[in-house]
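K.L.:
Shown below is the structure under consideration.
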Amino acid sequence: MGRGGYTVARVAVLVRAPVGWLWWLGLLAAGCGLLVPGVTGRRIGVLAGAALFLIALAVAATVRRGRYGKLTRAAARAGKSVSLQDREATVRDWRLAHRWPLAAVFLVAVGASFAVPAAPGLLLAGTAAGLWWKALWLGRWEHEHESLLWVRIDELPRPWAPGGPGHAAVSGYLTTGGGAGDARPGGARRRPEDVPVR
C-alpha cells in the first residue's frame, strides 16, 4: 500500500462530502412538506421527523465505525510516488458522481413529506448530521496521531453502492503528515492561518 503511482483522497473529506447537500435538501424537503397538512397532520409529522432525525444521526455516525477503526489502525505510510487529490477535486468528483442519487432521494423525500410533513426531510438532515459527526471523529484521530488518513480512489465503490471509504472493497488506508494536502483534520477546508501539524 505504501508504494506505487496512484491517486488517493482524504477519508474525512469523502465522509463530509454529502453533508451540505443532504442537510439543505433535507430542510428544503421538510419545508415543502409543511406547506400542506398531509395525511398525518403537521404536528405528528414534525414529531415523527424529530425522532427520525435522531435515529438517522445515530446510525450515520456509527455505521461501519468498526470497519473504519480497523482500516485506521492498519494504515500504512504513503509512498512518495502517491498523488494526493486536493479537497475541492474530491468534493467535486463525489458530488458529480452522486448527483442523480441525490436528486432521486430529494424527490422521494419531497413526495413523502406531503404524506408525513417534514419527516422524510428531517431524516435526510439527520443523516447529514451523523456524517458530519463521523468526520469529526476521524478528525480527532488525525489530530491525536498527527497523521492524515487517505484512501485509494480506484478502490472506492461505485456511486450507488453504500459504504464509501469504509466499503469492503477498500483494502487499507494510507497516512501522511498533518501538513499534507489542503484540508484540516476532519476534512474541513484548511485556513491560511492554520499551522500544519509536524
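The values are calculated or read from the model by the stated rules, or taken from the named source; none is laboratory data. Note that this is a predicted model, so its numbers are computed, not measured. FYI the Cβ positions are ideal-geometry reconstructions off the backbone, even for glycines, and counts take in every protein chain you see. With ligands, DNA and RNA removed, areas are computed over all heavy atoms of the protein, side chains included. Shrake-Rupley method; radii C 1.70, N 1.55, O 1.52, S 1.80 Å.
K.L.:
Looking at the stretch 33-47, can you tell me whether even one residue there is among the polar types (S, T, N, Q) and not in a helix (DSSP H, G or I)?
P.N.:
Yes, there is a match, as at least one residue in the stretch 33-47 is among the polar types (S, T, N, Q) and not in a helix (DSSP H, G or I).
K.L.:
Being of a type outside the set (Val, Ile, Thr), free of Cβ contacts under 8 Å to residues at least 24 places away in the same chain and in a helix (DSSP H, G or I) narrows it down to one residue among Gly69, Gly130, Gly121, Gly139; which is it?
P.N.:
Numbers: Gly130 fails: free of Cβ contacts under 8 Å to residues at least 24 places away in the same chain; Gly121 fails: free of Cβ contacts under 8 Å to residues at least 24 places away in the same chain; Gly139 fails: free of Cβ contacts under 8 Å to residues at least 24 places away in the same chain.
It is Gly69.
K.L.:
Modelled with pLDDT under 85 and either closer than 22 Å to Gln85 by Cβ or not in a loop (DSSP other than H, G, I, E, B) (or both), is that true of Asp154? Step through it out loud before you land on a result.
P.N.:
Details: modelled with pLDDT under 85: no; either closer than 22 Å to Gln85 by Cβ or not in a loop (DSSP other than H, G, I, E, B) (or both): yes.
The answer is no for Asp154.
K.L.:
List the number of the failed condition for Leu148; all other conditions in (1) in contact with a helix residue (DSSP H, G or I) (Cβ under 6 Å, 6 or more places away or on another chain); (2) modelled with pLDDT under 90 hold.
P.N.:
With respect to (1) in contact with a helix residue (DSSP H, G or I) (Cβ under 6 Å, 6 or more places away or on another chain); (2) modelled with pLDDT under 90, Leu148 is out only on (2).
K.L.:
Another question about this same structure. Residue under question is Val63, and the condition is that it be under 20 Å from Gly163 (Cβ atoms) and surrounded by 14 or more Cβ atoms within 10 Å (Cβ to Cβ); does it hold?
P.N.:
On the way: under 20 Å from Gly163 (Cβ atoms): yes; surrounded by 14 or more Cβ atoms within 10 Å (Cβ to Cβ): yes.
When the stated conditions are applied, Val63 passes them.
K.L.:
For the stretch 131-140: of the residues being buried (at least 21 other Cβ atoms within 10 Å of the Cβ) and of a type outside the set (Lys, Arg), which is farthest from Ala60 (Cα to Cα)? Walk me through how you get there before you give the answer.
P.N.:
Step one: of the stretch 131-140, the residues buried (at least 21 other Cβ atoms within 10 Å of the Cβ) are 131-132, 134-135, 138-139.
Okay, now just the ones that are also of a type outside the set (Lys, Arg), so 131-132, 135, 138-139.
Details: Leu131: 6, Trp132: 9, Ala135: 11, Leu138: 14, Gly139: 16 Å.
Among those that are buried (at least 21 other Cβ atoms within 10 Å of the Cβ) and of a type outside the set (Lys, Arg), it is Gly139.
K.L.:
Which of the residues belonging to the stretch 88-105 are touching a Phe, Trp or Tyr at 6+ places or on another chain (Cβ under 9 Å), surrounded by 16 or more Cβ atoms within 10 Å (Cβ to Cβ) and part of a helix (DSSP H, G or I)?
P.N.:
Across the stretch 88-105, the qualifying residue is only Leu102.
K.L.:
Which of the residues that make up the stretch 142-151 are assigned to a helix (DSSP H, G or I) and either of a type in the set (Lys, Arg) or buried (at least 18 other Cβ atoms within 10 Å of the Cβ) (or both)? Don't jump to the end; show me each part of the working.
P.N.:
Taking the stretch 142-151 as the starting set, the residues that turn out to be assigned to a helix (DSSP H, G or I) are 142-145.
Across the stretch 142-151, the qualifying residue is only Glu142.
K.L.:
Further, regarding this structure: Kindly establish whether Ser113 is over 14 Å from the mean Cα position of the chain (by Cα), of a type in the set (S, T, N, Q) and open to solvent by 60 Å² or more (accessible area, probe 1.4 Å). Break it down into steps so the answer makes sense when it comes.
P.N.:
Numbers: over 14 Å from the mean Cα position of the chain (by Cα): yes; of a type in the set (S, T, N, Q): yes; open to solvent by 60 Å² or more (accessible area, probe 1.4 Å): no.
No; evaluated as a whole, the condition is false for this residue.
K.L.:
Sticking with this structure for a sec: I need the full set of residues from the stretch 66-81 which are buried (at least 16 other Cβ atoms within 10 Å of the Cβ) and over 17 Å from the mean Cα position of the chain (by Cα), in order please. Don't jump to the end; show me each part of the working.
P.N.:
So in the stretch 66-81, the residues buried (at least 16 other Cβ atoms within 10 Å of the Cβ) come out as 68, 71-72, 75, 78.
Hits for the stretch 66-81 are Ala75, Ala78.
K.L.:
Sticking with this one: Of all residues in the stretch 29-58 being open to solvent by 80 Å² or more (accessible area, probe 1.4 Å) and of a type in the set (A, V, I, L, M), which is farthest from Gly126 (Cα to Cα)? Walk me through it before giving the result.
P.N.:
If we filter the stretch 29-58 for residues that are open to solvent by 80 Å² or more (accessible area, probe 1.4 Å), which is where we start, we get 35, 39, 42-44, 47, 54-55.
Okay, now just the ones that are also of a type in the set (A, V, I, L, M), so 35, 39, 44, 47, 54-55.
Values: Leu35: 21, Val39: 22, Ile44: 18, Leu47: 14, Leu54: 6, Ile55: 7 Å.
Filtering first and then ranking leaves Val39.
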